[in-house]
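Right, one structure below, let's go through it.
The values are calculated or read from the model by the stated rules, or taken from the named source; none is laboratory data. If you're wondering where the values come from, they're calculated on a predicted model, not measured in any experiment. Reconstructed Cβ throughout: ideal geometry from the backbone, glycine too, with neighbour counts over all protein chains shown.
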2 protein chains.
Amino acid sequence: MNLHDVETPFLAVDRHTVLTNVHRLRSRLDRLGTALRPHVKTAKSIDVAALLDDGTPGPITVSTLAEAEAFAAAGYRDILYAVGIAPHKVARVTALRERGVDLIVLLDSAEQAASLTAGIPALIEIDCDGHRGGLRPGDPALLTIARTLEDTGADLRGVLTHAGESYFADGDDELRAAADNERHSAVRAAETLRAAGHEAPVVSVGSTPTAHFATDLTGVTEVRAGNFVFFDLVMAGIGVCRIEDLAMSVVVTVIGHRHDKGWILTDGGWMSTSRDRGTSRQRVDQGYGLVTDLGGTLYPDLLMTDASQEHGILSIRPGSTAALPDLPVGARVRILPNHACATAAQHDRYHVIEPGSPTIRATWPRVRGW
Amino acid sequence: MNLHDVETPFLAVDRHTVLTNVHRLRSRLDRLGTALRPHVKTAKSIDVAALLDDGTPGPITVSTLAEAEAFAAAGYRDILYAVGIAPHKVARVTALRERGVDLIVLLDSAEQAASLTAGIPALIEIDCDGHRGGLRPGDPALLTIARTLEDTGADLRGVLTHAGESYFADGDDELRAAADNERHSAVRAAETLRAAGHEAPVVSVGSTPTAHFATDLTGVTEVRAGNFVFFDLVMAGIGVCRIEDLAMSVVVTVIGHRHDKGWILTDGGWMSTSRDRGTSRQRVDQGYGLVTDLGGTLYPDLLMTDASQEHGILSIRPGSTAALPDLPVGARVRILPNHACATAAQHDRYHVIEPGSPTIRATWPRVRGW
């Protein structure tokens, strides 16, 4: 089985590039003296996670209880569920904990704290940049929640924050500032808890951009990042990676041409790429993605410019004088995605390749659902 | 099992509303004297399709060979695969035909025609509005393709067109004009083929907007439409349906609040709604969707305004003076989607309800992949 004969559209993942991306971040965090708790929400794959930790299950972050259950079944025992807990989900958390999994939940309200049962460990979510949930670091509710957790017998492990706005940072200085602010917000909140007599041993921060730009992680006990295993055009657009670091692409087949419009039509529509157009808010809009040949070489200024459910349209970037490549019906190309998390979610498995070879080495399933 | 206890996020489908939507379109087409060949790409569900045809498998349209194979296994024998055929897919087409399925393919080039084997029926795709692929109705390549099909022994069944630009129509007059143009383009191309001695018995047109606005279908032998089973906010925005005709929604749970920002946070992010923001190009931008209570009553001017992977943000429409409803942690609401095809694709099953009751009557699986 190789890139030329698997049914299209399908996801190709370059295992070597994943390993390089993992090595880069691990080395950075080793130098900064902080642990990595990878977020498995991007790849949702036991096999990709095995590349992160040499096959020995380490600490992970999940975005759904379905991921927690799948990774627990694969031997993972230290799992942080990093979406604010809904009270009805506590029963599934308890069931996993009874199977020996140290599953940690997240919350930012006394209502949630009151819904926990004794022994469940929790982090309090801190809002460092106004991105979505969490308490501002100085919010007096921090201590109210800590007391509610004490009352229920739950286990206050510490604090967590995520610099979600770093995805919109412009340049290295803003990225470093976002990382500093992320660290400072979390450490300040932990110190507030400790000053009031709570242990709060965990200070968890992270996003792929800040993880790659932090220069000081004093006081931080773990960094979460997920997207970095594959990277994508949004990450390249903000300068966190290069285009050649993108490990995942969608392989599609040419099914037609509109010579009058300068279009090449493919069998890869939004069902295979997702509707995510994250680069439309960046300095360079990459459409639905950049286009490479099966070997990974970019076609100059060729973009996937539009998508129906099962049709993609490739055309030359507006304003460019590049020529449309000659791609006959049946030719295959690869689309580099805007947002790896969203594109991967459209597929049930990865087709694993190594550089310089079209051979599919393995197919790796993804976890789905909630 | 009911709407209050299924794990969130999940898809709810109101069976009664689907039946009403189906009855409306069937009645229209009966009056116009044309057959319906429903497109199953929206629901991708054998069970939803059974509501279209009283359980007797009729003619259908599919967007993938995976759908063709699943529906063939369920007894469907008249299947149109309405995405331009890639040569490598012909083997799967042949395998289905050998199992007694009249599977019809689509093409718009002599290269594709030459890739077919004897006996495979094909429609030639006509471009009526510049939306994506197809030949313009007067293109001389029409006859070249017809001759190539004769040479290969394939079976030229006729022509197909899809008024894809009708999704961007503004008002009833433009919708009627799009329907007229769709019919006229297809009939003209069929007449060109017939004048040259080809039978071309099939004249297939369709899109959900034009199917609901056509006033004359003379010369058309079948109408394709898919979205109408569920409808969505894009269809409501162009006036094809009312908000109360939307049959599908995403049920989510409140997990937090940002009182300072006027936000309600839920456990339904883009993973459950998709990234499709079709209404952003319409007169009224509905964000990621309108919000109702579990009974289906709209909260005034409450929108899902932003989405992370597993977080949704609900807030009041900009400029509105409506009050944010009091929805405590644990409360459940329903999100009406921009684009039913894209939202449904994020899920593996439907939870089927009837009006006025929270009881889940059934769960219906979806077909996935290619």
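Of the residues A:Ala323, A:Ala342, which is part of a loop (DSSP other than H, G, I, E, B), modelled with pLDDT of 95 or more and not hydroxyl-bearing (Ser, Thr, Tyr)?
Answer to the selection: A:Ala323.
Give just the number: which of (1) buried (at least 18 other Cβ atoms within 10 Å of the Cβ); (2) aliphatic (A, V, I, L, M); (3) in a loop (DSSP other than H, G, I, E, B) does B:Leu302 not satisfy?
(3)
Checking B:Arg275 against (1) over 19 Å from B:Val234 (Cβ atoms); (2) part of a loop (DSSP other than H, G, I, E, B); (3) within 8 Å of chain A (Cβ to nearest Cβ), which test does it fail?
B:Arg275 satisfies all of (1) over 19 Å from B:Val234 (Cβ atoms); (2) part of a loop (DSSP other than H, G, I, E, B); (3) within 8 Å of chain A (Cβ to nearest Cβ) except (1).
Counting only residues that are within 16 Å of A:Arg188 (Cα to Cα) and surrounded by fewer than 17 Cβ atoms within 10 Å (Cβ to Cβ), how many does the stretch A:137-159 have?
4
Would you say A:Val234 is more than 25 Å from A:Arg31 (Cα to Cα), outside any loop (DSSP other than H, G, I, E, B) and in contact with a Leu (Cβ under 6 Å, 6 or more places away or on another chain)?
Answer is no for this residue.
In the stretch B:226-237, what count of residues is obtained for those that are surrounded by fewer than 24 Cβ atoms within 10 Å (Cβ to Cβ) and touching a residue at least 24 places away in the same chain (Cβ under 8 Å)?
The number of residues fulfilling the criteria is 1.
Which ones in the stretch B:347-370 are over 29 Å from A:Ser115 (Cα atoms) and part of a loop (DSSP other than H, G, I, E, B)?
The answer is B:Asp348, B:Glu354, B:Pro355, B:Gly356, B:Arg361, B:Arg366, B:Val367, B:Arg368, B:Gly369, B:Trp370.
For the structure I just gave you, tell me whether A:Val291 is more than 25 Å from A:Leu25 (Cβ to Cβ) and either among the aliphatic types (A, V, I, L, M) or facing chain B (nearest Cβ under 9 Å) (or both).
It is true that A:Val291 is more than 25 Å from A:Leu25 (Cβ to Cβ) and either among the aliphatic types (A, V, I, L, M) or facing chain B (nearest Cβ under 9 Å) (or both).
What pairs can you find where one residue is in the stretch B:251-272 and more than 7 Å from chain A (Cβ to nearest Cβ), the other is assigned to a strand (DSSP E or B) and among the charged types (D, E, K, R), and their Cβ atoms are less than 6 Å apart, with a gap of 6+ or different chains?
Going by the 6 Å Cβ cut-off, the qualifying pairs are B:Val251/B:Arg332; B:Val251/B:Arg334.
So, in the stretch A:304-338, how many residues would count as being at the interface with chain B (Cβ under 8 Å from one of its Cβ atoms) and in contact (Cβ under 8 Å) with a residue 24 or more places away in the chain?
Qualifying residue count for the region: 8.
Which is at pLDDT below 95 and among the polar types (S, T, N, Q), of A:Ser166, A:Ser185, A:Ser204?
Matching residue, one of A:Ser166, A:Ser185, A:Ser204: A:Ser166.
Could you list, in sequence order, the residues of the stretch B:70-82 that are outside any strand (DSSP E or B) and within 11 Å of chain A (Cβ to nearest Cβ)?
Scanning the stretch B:70-82 gives no hits.
Taking the criterion of being away from chain A (no Cβ under 14 Å), part of a helix (DSSP H, G or I), in contact (Cβ under 8 Å) with a residue 12 or more places away in the chain and over 16 Å from the mean Cα position of the chain (by Cα), would at least one residue in the stretch B:36-59 satisfy it?
no
In the stretch A:278-299, which residues are in contact (Cβ under 8 Å) with a residue 60 or more places away in the chain and in a helix (DSSP H, G or I)?
A:Gly278, A:Arg281 - these are the residues of the stretch A:278-299 that are in contact (Cβ under 8 Å) with a residue 60 or more places away in the chain and in a helix (DSSP H, G or I).
Kindly indicate the residue of the stretch B:1-35 that is in a loop (DSSP other than H, G, I, E, B) and within 14 Å of chain A (Cβ to nearest Cβ) and also nearest to B:Thr208 (Cα to Cα) among those meeting that condition.
By that ranking, first place goes to B:Pro9.
Among residues belonging to the stretch B:193-216 that are crowded, with 19+ Cβ neighbours inside 10 Å and of a type in the set (Ser, Thr, Tyr), point out the one that is farthest from the chain's Cα centre (by Cα).
So, considering only residues that are crowded, with 19+ Cβ neighbours inside 10 Å and of a type in the set (Ser, Thr, Tyr), the one farthest from the chain's Cα centre (by Cα) is B:Ser204.
For B:Ala342, all conditions in the list (1) closer than 30 Å to A:Glu310 by Cα; (2) aliphatic (A, V, I, L, M); (3) more than 10 Å from chain A (Cβ to nearest Cβ) hold save one; what is the number of the exception?
Every listed condition holds for B:Ala342 apart from (3).
Any idea which of (1) buried (at least 20 other Cβ atoms within 10 Å of the Cβ); (2) basic (Lys, Arg); (3) more than 14 Å from chain A (Cβ to nearest Cβ) is the one B:Arg283 doesn't satisfy?
Going through the list (1) buried (at least 20 other Cβ atoms within 10 Å of the Cβ); (2) basic (Lys, Arg); (3) more than 14 Å from chain A (Cβ to nearest Cβ), B:Arg283 breaks only (1).
If a residue has to be small (Gly, Ala, Ser), in a helix (DSSP H, G or I) and out of contact with any helix residue (DSSP H, G or I) (no Cβ under 6 Å at 6 or more places or on another chain) to count, how many in the stretch B:170-188 make the cut?
So the answer is 3.
Of the conditions (1) at positive phi; (2) within 14 Å of chain B (Cβ to nearest Cβ), A:Val62 satisfies every one except a single condition; which number is it?
(1)
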